[in-house]
Amino acid sequence: MKDIQPKVLSTEIACAETAAPPCALVIFGASGDLVQRKLIPSLLALHHKKLLSDRFCLIGCGRTELSDQAFREKAVQALAHEDAPQAEKDDFVTRLYFVSGDYNSEDLYRNITNKLEALNKKYDYGSRTLFYLSVPPLLYGIISEHLRQAGLACSQSSEHSMDASLIVEKPFGHDLASAHELNTTIGRCFKEDQIYRIDHYLGKETVQNILMFRFANTLFEPVWNRNYIDHIQITIAETLGVEHRGEYYDHSGALRDMFQNHMLQMLAMIAMEPPVTFEADSVRDEKLKLLRSLRPLTQEAVSQYFVRGQYAGYTSEPGVARDSKTETYVAAKLHIDNWRWRDVHFYLRTGKRLAAKTTEIAVTFKRIPHSLFASSGLDEIPPNVLVMKIQPEEGMSLRFQAKRPGSKLCMGTLNMDFSYEKVFGIKMPESYQRLLLDCMLGDQTLFMRFDTLENTWRHLDPVLKAWAASSDPLPTYDPGSDRFDAASQLIEADGRSWRPLD
Ligand code: BG6
C-alpha cells in the first residue's frame with residue numbers, strides 16, 4: 001500500500017487563544033508524580049507562551065513537610081529538560097509556594113487562607129482561585145468540605161467574592177452509586193459550574209480535532225451515518241504494564257481506568273450530533289444525548305458484548321493481589337440506538353502490555369454496492385477506511401483505491417496521509433496545558449459534566465455486576481502480543497477483524 005502526502009494549502013484559517021486571567025492555583029498532592037511530571041511542566045509551557053498571567057501564583061499542598069524553597073527545588077528538577085529560557089524558568093519557579101499539613105486538619109486550611117491573603121497582596125490575583133485535587137478520590141469529599149468551611153469554596157454568586165473552582169482527576173467514583181455519592185458530597189461545597197472533572201484524553205489535540213474534522217468539513221458529514229459506514233473501531237493499546245501503580249490499578253481494571261472515561265468520551269465525540277455552537281454546554285449536551293442512546297445491556301447479556309483478559313504475569317506485579325481477577329484488557333461491541341447509527345457496530349478495545357502503543361479511531365465505510373470490474377476478477381474491492389490517529393504518530397489517513405499505471409486494469413490501495421508532525425513540525429503540546437488554561441479561563445467544554453459521567457457509569461454498571469458475580473476463569477494473553485483470542489472472537493463472529501496494532 002502506498003502513502004500519499006497531502007499538499008498543505010493553508011495551515012491557519014482562524015486561530016483563537018486567550019491568555020489566562022490573574023489567578024491562584026492551589027494543588028493538593030503537590031509532591032506527587034502527576035504534578036511534577038505533567039502539571040508543573042505544562043504551567044511552565046503556558047508561561048513560556050505568555051498564556052499565564054503576570055499575576056499568577058501557585059500554592060502546593062501536601063502532607064510532606066516542605067519549605068517554599070524545597071518545593072521550588074523539586075520544580076527546578078521537574079523542569080530541567082523543558083524547553084524554555086532559563087530566565088523564564090526562574091521567574092516561573094519564584095511563583096511557587098508550599099503549605100504542608102494534614103488534609104483533615106483545620107490548621108491546613110487556615111494556613112492556606114493566610115497564604116492566599118498574603119499572595120493576593122503580592123500578586124494582586126483578585127478573586128479567582130482554583131483548587132486542584134491530585135490526591136486519592138477518598139480525599140475529595142474531605143478536602144471539599146474543609147474548603148467550604150474555610151469559606152474558600154464559595155462562588156461569585158454567594159455573599160463572598162471568592163470565584164473558586166474545583167478540579168478533580170479521574171476516577172470519579174468506581175460505579176454508578178459511588179459516583180452519585182461523591183457528586184453529592186462535592187456538590188454540598190461546589191456548584192456544577194465550579195467543578196472541572198478532568199479526562200486528560202479530551203485535552204489531546206487529536207481528540208479535539210475530531211470536532212474540527214467532523215464539523216468544519218462538508219465532505220464527511222453527509223456520509224457519517226448507517227447508510228455509508230459499516231463499523232467503527234476505537235483502540236487504545238499500550239505497551240506498558242501497570243508499572244508502579246499496581247495497587248491502584250488492581251482495584252480499578254481496564255474498564256474503570258480507560259473504558260468508562262477515555263474510550264466512551266472518544267466514542268461520544270466521533271458519534272454525537274453536531275452541537276449548535278462550540279460552547280461548553282452545547283457540546284456537552286450532545287455528548288449526553290449520545291451516551292443516553294447507547295443500547296442498554298442486561299447483566300445476562302454482558303458476555304455477548306464485553307470480553308476481558310489479563311496479561312500473563314500481571315499477578316506478580318508489585319501491589320497486585322496474587323489471585324487478582326482484575327482485567328488489563330477489555331473489548332466491547334456497542335450499539336447506538338438513534339437514526340444515525342442504528343445497526344452500526346462500534347468495536348472498542350483497550351489493553352496493557354500489547355504489541356504496540358497506539359490510539360486510533362478507524363471508520364470503515366461500506367463496500368461499493370457493485371463492482372463494474374468484477375468480470376476482470378476485481379469483485380472484492382476493499383472498503384474505504386478513515387483512520388484518526390490520536391497517538392503516537394498523530395494524524396489521519398484515508399484508504400482508497402486507484403488505478404496503478406501500466407496495465408489496462410490494475411488497481412491499488414493507497415493511503416492519503418496527514419501527519420501533524422510533518423505538516424506543523426511541532427511536538428504535540430501536553431494535554432494538561434490545554435486543560436489547565438481552560439480551567440483558568442472558566443471554559444468547561446473539555447471537562448466531564450456530571451450527567452454525562454453518570455451515563456457512562458449507568459451503561460457499565462451491568463458489566464461491573466456481571467463480572468463481579470462471575471466465577472469463570474479470566475483468560476490471559478501473552479505480554480507483547482497483538483492478539484487476544486476472546487477479543488478476536490467478538491469481532492470475527494460478525495465477519496470482521498481488528499486492525500493490526502502498529
Ligand atoms: C490514564 C490511565 O488515565 O491513561 C493509565 O490511568 C493509562 O492507566 C493512561 O496508562 C494512558 O494515557 P496516555 O495519554 O498515555 O494514552
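All of the numbers you see were taken from the coordinates with simple rules; none came from a lab. A quick note: this is a predicted structure, and the numbers were derived from the prediction, not measured. Every residue, glycine among them, receives a Cβ derived from its backbone with ideal geometry; neighbour counts consider all protein chains shown.
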>> Starting from the Kirkwood Rh over alpha-carbon pairs, what translational D in µm² s⁻¹ does the stretch 57-144 have by Stokes-Einstein at 10 °C and 1.306 mPa s?
In response: 111 µm²/s
>> Roughly how far apart, in whole Å, are the Cα centres of the stretch 263-330 and the stretch 454-502?
In response: 11 Å
> Could you state the number of Å between the C-alpha centres of the stretch 72-103 and the stretch 353-385?
Replying inline: 50 Å
>> Contact order normalised by length for the stretch 365-502, with contacts defined as Cα pairs under 8 Å and 6 or more residues apart; what percent is it?
In response: 10 percent
>> If I model the stretch 342-388 as equal point scatterers sitting on the Cα atoms and use the Debye formula, what is log10 I(q)/I(0) at q = 0.21, 0.27, 0.31 Å⁻¹?
In response: -0.85, -1.05, -1.17
> When only C-alpha pairs under 8 Å and at least 6 residues apart count, what is the relative contact order of the chain, in percent?
Replying inline: 18 percent
>> Loop-only chymotrypsin sites (Phe, Trp or Tyr not before Pro) in the stretch 243-345, please: DSSP not H, G, I, E or B, and at most 16 other Cβ atoms within 10 Å.
In response: Phe278, Trp339
>> Using the basic label-point model (7 angstrom from Cα toward the beta carbon), what is the Thr298 to Ala493 distance in nanometres?
In response: 1.6 nm
> Applying 1/(1 + (r/R0)^6) with R0 = 45 Å to the Cβ-Cβ distance of Ala312 and Ser178, what FRET efficiency is obtained, to the nearest 0.05?
Replying inline: 0.90
> What FRET efficiency comes out for the pair Arg342/Phe424, r = Cβ-Cβ distance, R0 = 30 Å, nearest 0.05?
Replying inline: 0.20
> By DSSP, what percent of the beta bridges with both residues in the chain are antiparallel, rounded to the nearest 5?
Replying inline: 50 percent
> Full extension from Asp482 to Thr94: what is 0.36 nm times the residue separation minus their Cα-Cα distance, to one decimal in nm?
Replying inline: 134.9 nm
> Using 1/(1 + (r/R0)^6) with R0 = 45 angstrom and r between the beta carbons of Glu279 and Ser375, what's the FRET efficiency to the nearest 0.05?
Replying inline: 0.25
> Do any trypsin sites (Lys or Arg not before Pro) in the stretch 388-492 lie in a DSSP loop with no more than 16 other beta carbon atoms within 10 Å, and if so, which?
Replying inline: Lys408, Lys427, Arg483
> What fraction of the Cα pairs in the chain, stated in percent, has a spacing above 45 angstrom?
Replying inline: 17 percent
> Using Cα atoms only, what is the angle between the long axis of helix 176-187 and the major principal axis of the chain, expressed in degrees (0 to 90) to the nearest 10?
Replying inline: 30 degrees
> For the pair Glu221 and Glu106, how long in nm is the line joining their label points, each one 7 Å along Cα→Cβ?
Replying inline: 5.7 nm
> Quick one: if you stick a label point 7 Å off each Cα along the C-beta vector at Glu73 and Ala87, how many nm between them?
Replying inline: 2.7 nm
> Roughly what angle does helix 450-469 make with the longest principal axis of the chain, taking Cα atoms, 0 to 90 degrees, to the nearest 10?
Replying inline: 70 degrees
>> Nearest 10 degrees is fine. How inclined is helix 140-149 to the longest principal axis of the chain, computing both from alpha carbons?
In response: 40 degrees
>> Compute the orientation-averaged projected area for the stretch 34-83 from the convex hull of its Cα atoms and round it to one decimal in nm².
In response: 3.8 nm²
> If you keep only loop residues by DSSP, which trypsin sites (Lys or Arg not before Pro) in the stretch 316-346 have at most 14 other Cβ atoms within 10 Å of their Cβ?
Replying inline: Arg322, Arg342
>> 5 Å is the cut-off here: which amide hydrogens, built 1.01 Å from N in the peptide plane, fall below it relative to Lys366, excluding neighbours closer than 5 in sequence?
In response: Ile229, Asp230
>> For a distance above 21 Å, tell me the whole-number percent of Cα pairs in the stretch 202-278 that qualify.
In response: 42 percent
